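Please treat every number below as a calculation from the coordinates, not as lab data. What you see is a predicted model, and the numbers here were worked out from it, not measured in a lab. Cβ placement follows ideal geometry from the backbone for every residue including glycine, while neighbour counts extend to all protein chains displayed.
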Amino acid sequence: MSEGADKPSWLSECLKEEIEEALEARDFSPFAGEVLKKIEVEVEASLSEPFVAAASLRAEVEQELESRSPHWSAFTKGVLREIDREERAEARQPLVDRAVGELRRDVETELERAEPQFEHRFQRDLSRQLRKSGPSLYERISAFFSTYFEGWRAGAGFAAAVAAVFLLIIAAPRIEPPPDRVMVPREDRGSMVVKEVSFEGRVMVIEGEGVTFVYLSDS
Amino acid sequence: MRAVWMLSLFLLGPGSAFADNEKVDLEIKVVSLSTKEGKFEPELKALLAKLPLSFKSGETVDGHTKPGVAKGESVRFQVKGTKEWVTVSVEDIGAAGIDFKVQLGEKTAAMSVRATKRGATAIAGPIAKPAPDTELFVVITPR
């Protein structure tokens, strides 16, 4: 395509200007008024005629509303229930807060009351642990003898203590058990001997330790 | 009491032999043994387990103790709550023990027994059945 095809020609420009001038010079208002008048007449005529589809549409709408009626009520109930639930939750919230507060106060009171016991137990356990972690018997005896016999070794003192204990055991008189510890053979409690039974039925004699059971039954 | 005294019969001290014409204290009690609950002590439970009816609890409903019963004497009483009578007659007291005769009811049953030591016990019955699951027994113990 040449550049002359894209650019409007001088002749077409002249024609366009002439047409525009002619259109501006011409009065279209009577024509427009006629057209508007005709449109108004037609619209008024169509409006004056009865709307045939209205009845069927109305019936269809009513039918649809009836079919949805139960759903509407369920939906309404659901909405109301949700509202109630929220209201109850809101109403309960202060109760929960109060209950939590009461429990917290109870726990704090209980802790305050039991605190001395904890301290006492802790102190007791601590003293016990300290006693456990103290020097052993051997260490204490060694320390005693090492201080008592200055210059002696602790082992020699411990050996002397052991020898002394053996001597005491050998030399001490034999201790007899107290009389109440001596085992006394259990004496016979005797028995109840059934020599004769007169009964019109079945007799069962069961003998236990010191007890005899005579059971009578009809059959 | 729930048969606690019955267990005490087992735990009492050893009895002693009888001298001729010695007097004894005759202890007679009526116990109600029931198949309900389970309150028996193990020793008595083991004894009762040998019975055809499984008793589970016991209760003293009547008791008569006559001190200084000599040969030829007897103890007679009507069981509380029933029309039945119990008679215990001491037939003989000697080195072999004490012989006595027990009469349950007027014609229900009679038996002759010998206790070789004090504390030995005879349980006899039933003398009455106040309830379908309860039976009354007579417990005789010379002391």
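If R0 is 35 Å, what FRET efficiency do you get for B:A131 and B:A70 from their C-beta distance, rounded to 0.05?
Values: r = 38 Å, r/R0 = 1.09.
Calculated value: 0.40.
What is the average number of partner chain Cβ atoms found within 10 Å of a Cβ in B:122-132? Don't skip to the answer; put the middle values down first.
On the way: counts 9, 8, 10, 4, 3, 1, 0, 0, 0, 0, 0.
Shielding by partners across B:122-132 averages 3.
Can you list the chymotrypsin sites (Phe, Trp or Tyr not before Pro) in the stretch A:3-72 that are in a DSSP coil and have 13 or fewer other beta carbons within 10 angstrom?
Values: sites: A:W10, A:F28, A:F31, A:F51, A:W72; in loops: A:F28, A:F51.
Here the sparse-neighbourhood loop sites are A:F28, A:F51.
Nearest 0.05, what FRET efficiency do A:R113 and A:Q93 give at R0 = 45 Å with Cβ-Cβ as r? Please report the intermediate quantities before stating the final value.
On the way: r = 31 Å, r/R0 = 0.68.
It comes to 0.90.
Please compute, for peptide A:192-205, the average count of beta-carbon atoms on other protein chains lying within 10 Å of each residue's beta-carbon.
On the way: counts 15, 10, 7, 6, 5, 7, 8, 7, 3, 2, 1, 3, 3, 4.
Mean shielding count: 6.
Could you tell me which residue out of A:P94, A:F75, A:F31 lies farthest along the dipole of the stretch A:9-108 toward its positive end? Charges go on the beta carbon: Lys and Arg +1, Asp and Glu -1, centred on the Cα centre.
Selected residue: A:P94.
Taking the simple approach of a point 7 Å from Cα along Cα-to-Cβ for both A:V162 and A:S46, what is their distance in nm?
My value for the distance between the label points is 13.0 nm.
Among the listed pairs B:K36/B:K129; A:K195/B:K36; B:K23/B:K129; B:K83/B:K117; B:K71/B:K117, give every one whose C-alpha distance is greater than 24 Å. Mind dumping the intermediate values first?
Working: B:K36/B:K129 14 Å; A:K195/B:K36 33 Å; B:K23/B:K129 34 Å; B:K83/B:K117 32 Å; B:K71/B:K117 16 Å.
Checking Cα-Cα distances, A:K195/B:K36; B:K23/B:K129; B:K83/B:K117 exceed 24 Å.
Within 10 Å of each Cβ in B:102-115, how many Cβ atoms from other chains are there, averaged over the peptide? Before the final figure, lay out the partial values.
Working: counts 3, 1, 3, 0, 0, 3, 5, 8, 4, 10, 6, 10, 7, 6.
Mean partner-chain Cβ count within 10 Å for B:102-115: 5.
Under a 5 Å amide H to amide H cut-off, with H placed in plane at 1.01 Å, what residues pair with A:E207 once short-range neighbours are removed?
When sequence neighbours closer than 5 places are left aside, the close amide H contacts are A:F213.
Peptides B:76-89, B:116-129, A:204-217: what's the order by average Cβ count within 10 Å, highest mean first?
Values: B:76-89: 16.2, B:116-129: 22.1, A:204-217: 18.5.
Descending packing order for the listed peptides: B:116-129, A:204-217, B:76-89.
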